[in-house]
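Beneath this line is the structure, given in structure tokens, with notes to follow.
The values are calculated or read from the model by the stated rules, or taken from the named source; none is laboratory data. Just so it is clear, the model here is predicted, and its values are computed rather than measured. Neighbour counts run over all protein chains shown; Cβ positions are idealised from the backbone, glycine included. Side chains included, ligands, DNA and RNA excluded: accessible areas come from the protein's heavy atoms. Shrake-Rupley method; radii C 1.70, N 1.55, O 1.52, S 1.80 Å.
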Amino acid sequence: MSTAFRLSQRAAWAEGQPISDLMAQALANPDLISLAAGFVDQETLPVDATRQAVDALLTDPPDAQAALQYGTTPGYLPLREALLDRFLASNPVPHPVSTRQVVVTAGSNQLLHLVAETLLNPGDIVLCAAPTYLVFLGTLNNLGARSLGVTSDQQGMIPEALEDTLQGLEKTGDLARVKAIYLVPYFDNPSGATMTAQRRAEVVRLAKRWSRGHRIHVISDCAYRELKYTGDDEPSVRCFDEEGDTVIVAGTFSKSFSPGIRVGWGILPEDLVDPVCNQKGNIDFGSPNFSQHLMAKVLELGLFEPHVERLRVEYHRKLRCMLEAADEFLGPLSGVHWAAPSGGLYVWVHLPESVRTGPQGRLFDVAIGEGVLYVPGQFCYPREGEPVRANTMRLSFGVQSCPRIRAGLESLARAIAIVQRGES
Ligand SMILES: Cc1ncc(COP(=O)(O)O)c(C=O)c1O
């Protein structure tokens, strides 16, 4: 008879996230049009650019051998230098940043995870926009940390609401548990919101003002920054950090080049570099080195910018398809509204209050019956703070072709109408 094993506390905290199961079940049906997955468009992945960079990398045996060897914990120096140069070229930061502060990770999720591990004890609080990136909420759960939602609108987290939340936490004696404010300031996943420069500045100012016994960091997750289709680029949140000690920037090539290569990075306050690298040292003592050399080569050969330009054109076209289809099919339904994002991969939709989009409501199953899948908005809400809006959903336009996006929205509109008829 085998002896029972006991899961760790961390494993227990990791449980209870039904979304992957839900998606796996639904995706078992190949006819389903998934507007759920946040994947990038398979057709636009840069096969030629990658081949060129790999060829160039493998041409010189010493270079190739270096790329095939283990690397260092913070990452491949020429890549870190290139990342910093690129960052500084478009962001006038008030406090100098050195290459030492750039740490390369296996995707930006790893950076977020390492930062969370470095800063948070069980019971510590991270303030997030409501809604926010659901995977990061999972990371916080995993650590036994508390996610607390702050009221947000189409320009992201509302500074006045952030201040009210901080005041409330001070009153309940919880301010000492607040360690970070998490933002996705460009074309947010899931809301599509982009923060104005003014709001960015205000959030950093509040983080500093409320850093009493200890510093409250601002984590600025820029996963979608390159995917901008209209409007001007906003300065990095780091530009408002006069002392350079508050803002952590997370970046990634997953959306702008290839998630299969999976290179992300962080630009950290100086005094966080060693603690984050200590965590990383114990996990993998360096991200896959070949991927890092490859991305350095992609940048060096000038293959990145033209690719991003092509992506912008293609995703902008798909966004327009989704918005046109939304106008046509969702527009006539009462109480259904959405906002047009200026970049990214998502459109966030509000339905009438009475319609619940999650697995407890009828819509999710009816929509699957009609052949379309979406992400129920409830999964994107922090556990505390701003109430969960169960009448919301995230639609992705990155993966499907325009005809399928259109067909997906037509099916979704049918499903909503069926559910609304059933209710009346
Ligand atoms: C907001 C946000 N941050 C981070 C990531 C992580 O991407 P990666 O780990 O591939 O860099 C994603 C991926 O979907 C995302 O949507």
Check: Within the bounds of the range 356-379, is there any residue that is hydrophobic (A, V, I, L, M, F, W, C) and under 18 Å from the mean Cα position of the chain (by Cα)?
Finding: yes
Check: If only one of LEU169, LEU162 is surrounded by 22 or more Cβ atoms within 10 Å (Cβ to Cβ), in contact with a helix residue (DSSP H, G or I) (Cβ under 6 Å, 6 or more places away or on another chain) and assigned to a helix (DSSP H, G or I), which one is it?
Finding: LEU162
Note to self: If a residue must be in contact with a strand residue (DSSP E or B) (Cβ under 8 Å, 6 or more places away or on another chain), of a type in the set (Gly, Ala, Ser) and more than 12 Å from the ligand (Cβ to nearest atom), how many such residues does the range 96-121 contain?
What the structure shows: 1
Checklist line | Selected residue (criterion: farthest from the ligand (Cβ to nearest atom)) from residues of the range 129-144 that are more than 15 Å from ASN189 (Cα to Cα) and in contact with a Phe, Trp or Tyr (Cβ under 9 Å, 6 or more places away or on another chain) | finding: GLY144
Check: Just wondering, is there one or more residues in the range 172-185 that are away from the ligand (no atom under 16 Å from the Cβ), part of a helix (DSSP H, G or I) and either open to solvent by less than 10 Å² (accessible area, probe 1.4 Å) or of a type outside the set (D, E, K, R) (or both)?
Finding: yes
Checklist line | Odd one out for VAL203, checked against (1) over 27 Å from GLU15 (Cβ atoms); (2) open to solvent by 10 Å² or more (accessible area, probe 1.4 Å); (3) among the β-branched types (Val, Ile, Thr) | finding: (2)
Note to self: Looking at the range 101-115, can you tell me whether even one residue there is assigned by TED's automatic domain parsing to the domain that holds LYS255, open to solvent by 30 Å² or more (accessible area, probe 1.4 Å), of a type in the set (Val, Ile, Thr) and under 30 Å from ASP245 (Cα atoms)?
What the structure shows: no
Next item on the list: Determine, yes or no, whether GLY231 is farther than 20 Å from VAL97 by Cα and open to solvent by 40 Å² or more (accessible area, probe 1.4 Å).
Entry: yes
Check: Condition test on VAL372, is it free of Cβ contacts under 8 Å to residues at least 12 places away in the same chain and not assigned by TED's automatic domain parsing to the domain that holds TYR229?
Finding: no
